[in-house]
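This report concerns only the one structure given below.
The values are calculated or read from the model by the stated rules, or taken from the named source; none is laboratory data. What you are looking at is a predicted structure, and each value in this text was computed from that prediction instead of being measured. Virtual Cβ from ideal backbone geometry, glycine too; neighbours counted across all protein chains shown.
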Amino acid sequence: MPAPLNYLPQLPTNKNTPIGCIGSGFIMADCHLVAYRKAGFNPVAIASRNAANAKAVAERHSLPKVYETYQELLADPQIEVVDVAVPPDVQLEVMRELVKHNDHIRGVLAQKPMGMNYGEAKQMVELCEQAGIMLAVNQNMRYDQSIRACKDVLDRGYLGEPIFASIDMRAIPHWMPWQEHLGWVTLRIMSIHHLDTFRYLFGDPVRVFASTRPDPRTEQKFAHQDGICLYILEYANGFRAASWDDVWTGPASEGVEQDIYIRWRVEGRDGLARGTIGWPDYPKATPSTIDYTTEKAPGQWHQPRWNEVWFPDAFVGTMAQLLCALEEDCEPEIGGRDNLKTMALVDACYLSAREHRAVELNEITIEVV
């Protein structure tokens, strides 16, 4: 029987680092702060464009300070780490103000996507590097328990050389209000998780081919192109990865029976792993799962299980890795510079879908200097 899998994140030695929170929407109120309290982290202040909402979130999570503006929060000399959970079109503005306070701010966790595109993301990375502030990005699917378990299975060599991987999402996300004025549905909101997960598990592809069409349900509310998204990642060594990101799933919200799920699969020369993501059942706490079979322990499926769930438990990992990186004075596992490659991959998907061709990642990175 293989040893138990490593599916939980490393935690910092010091959990008392003061954290300031910018934003008071669902992702902050129901995910970040729930996870931080569960892990024993130390959020001390919050600010939001909706001051009343920020006050309500502060009361709910026992935060001692509420600021009228994020500028006031950033000026608080007690705060050492900032959690920025604001829409992507205002992230760069916040970051420009944040880096002015590098006398006391040491680290920042930025929500994904990191800005509007690769160009804005690059500006944020450079601003933080010049200010000596450690930047991490909240790519929280890397901390889904089944994905971390899959990474451990790969690292132990149970699957051998990876040959093919896939993600099949048939789910109806809860869309954020700001998506309407940006005209985004899936690629920068949901697919970015899958693209980053492929990078986490297998490294960087050479090129991607993407095909999209509007989501029939959402296009009744606002115009967009990236509703249902299909894409294939090509790697230099022959490995291939593909995802079907279907946020329509048929008229499931209009009365027919639902068939909602997210499933993933990794095939290697020496084994096979498959899993489910429990997130579509939120707020029901449904753990993600992994099953794997390997020539190193043949003749059976290994099926470890746990109680932790993606939402909200994975958000312990994203903040923890930043705090650990600050303790160890090293680049965060999901550092801003690494995340530029995820942002480039998302931009490449948009370009591929628009021009109906495969797009190499260096087309995106070269054109932004």
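What are the pairs with Cβ atoms under 7 angstrom where one residue, in segment 39-54, is within 17 Å of Asp76 (Cα to Cα) and the other, located anywhere, is among the polar types (S, T, N, Q) and in a loop (DSSP other than H, G, I, E, B)? Sequence gap at least six, or different chains.
From residues that are within 17 Å of Asp76 (Cα to Cα), the pairs are Asn42/Asn16; Asn42/Thr17; Val44/Gln78; Ile46/Ser24; Ala47/Thr69; Ser48/Ser24; Ala54/Ser24; Ala54/Ser48.
Filter segment 166-180 down to the residues that are out of contact with any Asp or Glu (no Cβ under 9 Å at 6 or more places or on another chain) and over 13 Å from Ile228 (Cβ atoms) and list them by number.
The answer is His174, Trp175, Met176, Pro177, Gln179, Glu180.
From the set of residues in segment 1-26 that are modelled with pLDDT of 95 or more and aliphatic (A, V, I, L, M), which is nearest to Val66 (Cα to Cα)?
Here the residue is Ile22.
Given the condition farther than 20 Å from Glu363 by Cα and charged (D, E, K, R), answer yes or no: does some residue in segment 169-192 qualify?
yes
Could you say which residue among Gly299, Gly278 is surrounded by fewer than 20 Cβ atoms within 10 Å (Cβ to Cβ) and under 26 Å from Ala3 (Cβ atoms)? Before the answer, list the steps.
Details: Gly278 fails: surrounded by fewer than 20 Cβ atoms within 10 Å (Cβ to Cβ).
Result: Gly299 is the single residue among Gly299, Gly278 that is surrounded by fewer than 20 Cβ atoms within 10 Å (Cβ to Cβ) and under 26 Å from Ala3 (Cβ atoms).
For segment 260-275, which positions are more than 21 Å from Gly160 (Cα to Cα) and either of a type in the set (Val, Ile, Thr) or at pLDDT below 95 (or both)?
Ile260, Ile262
Given Leu73, Leu98, which one is crowded, with 21+ Cβ neighbours inside 10 Å and either at pLDDT below 95 or out of contact with any helix residue (DSSP H, G or I) (no Cβ under 6 Å at 6 or more places or on another chain) (or both)?
Just a single option satisfies the conditions, and that option is Leu73.
Scan segment 15-32 residue by residue and report those that are within 16 Å of the chain's Cα centre (by Cα) and surrounded by 22 or more Cβ atoms within 10 Å (Cβ to Cβ). Please lay out each step first, then the result.
From segment 15-32, those within 16 Å of the chain's Cα centre (by Cα) are 26-28, 30-32; that's our starting set.
Answer for segment 15-32, where residues must be within 16 Å of the chain's Cα centre (by Cα) and surrounded by 22 or more Cβ atoms within 10 Å (Cβ to Cβ): Met28, Cys31, His32.
Being at pLDDT 95 or above and closer than 25 Å to Ile189 by Cα: is that true of Ala110 here?
Numbers: at pLDDT 95 or above: yes; closer than 25 Å to Ile189 by Cα: yes.
Criteria met by Ala110.
Output yes when any residue across segment 134-151 is assigned to a helix (DSSP H, G or I) and either acidic (Asp, Glu) or farther than 26 Å from Leu5 by Cα (or both), and no when none is. Step through it out loud before you land on a result.
Step one: of segment 134-151, the residues assigned to a helix (DSSP H, G or I) are 140-143, 145-151.
Add one more test, that the residue is either acidic (Asp, Glu) or farther than 26 Å from Leu5 by Cα (or both), and what stays is none.
Looking through segment 134-151, none of the residues is assigned to a helix (DSSP H, G or I) and either acidic (Asp, Glu) or farther than 26 Å from Leu5 by Cα (or both).
Got a number for residues in segment 146-202 being of a type in the set (Gly, Ala, Ser), closer than 30 Å to Gly299 by Cβ and surrounded by 16 or more Cβ atoms within 10 Å (Cβ to Cβ)?
Number satisfying all stated conditions: 4.
Do the conditions hold for Ala242, that is, is it within 30 Å of Val359 (Cβ to Cβ) and either surrounded by fewer than 20 Cβ atoms within 10 Å (Cβ to Cβ) or hydroxyl-bearing (Ser, Thr, Tyr) (or both)?
Criteria met by Ala242.
Within segment 329-369, restricting attention to residues that are surrounded by fewer than 19 Cβ atoms within 10 Å (Cβ to Cβ) and β-branched (Val, Ile, Thr), which residue is nearest to Thr197 (Cα to Cα)?
So, considering only residues that are surrounded by fewer than 19 Cβ atoms within 10 Å (Cβ to Cβ) and β-branched (Val, Ile, Thr), the one nearest to Thr197 (Cα to Cα) is Thr365.
So which of Val125, Val81, Val66, Val137 is farther than 30 Å from Glu180 by Cβ, of a type outside the set (Gly, Ala, Ser) and touching a Lys or Arg at 6+ places or on another chain (Cβ under 7 Å)? Show your work before the answer.
Working: Val125 fails: farther than 30 Å from Glu180 by Cβ; Val66 fails: farther than 30 Å from Glu180 by Cβ; Val137 fails: farther than 30 Å from Glu180 by Cβ.
Criteria check complete, one pass: Val81.
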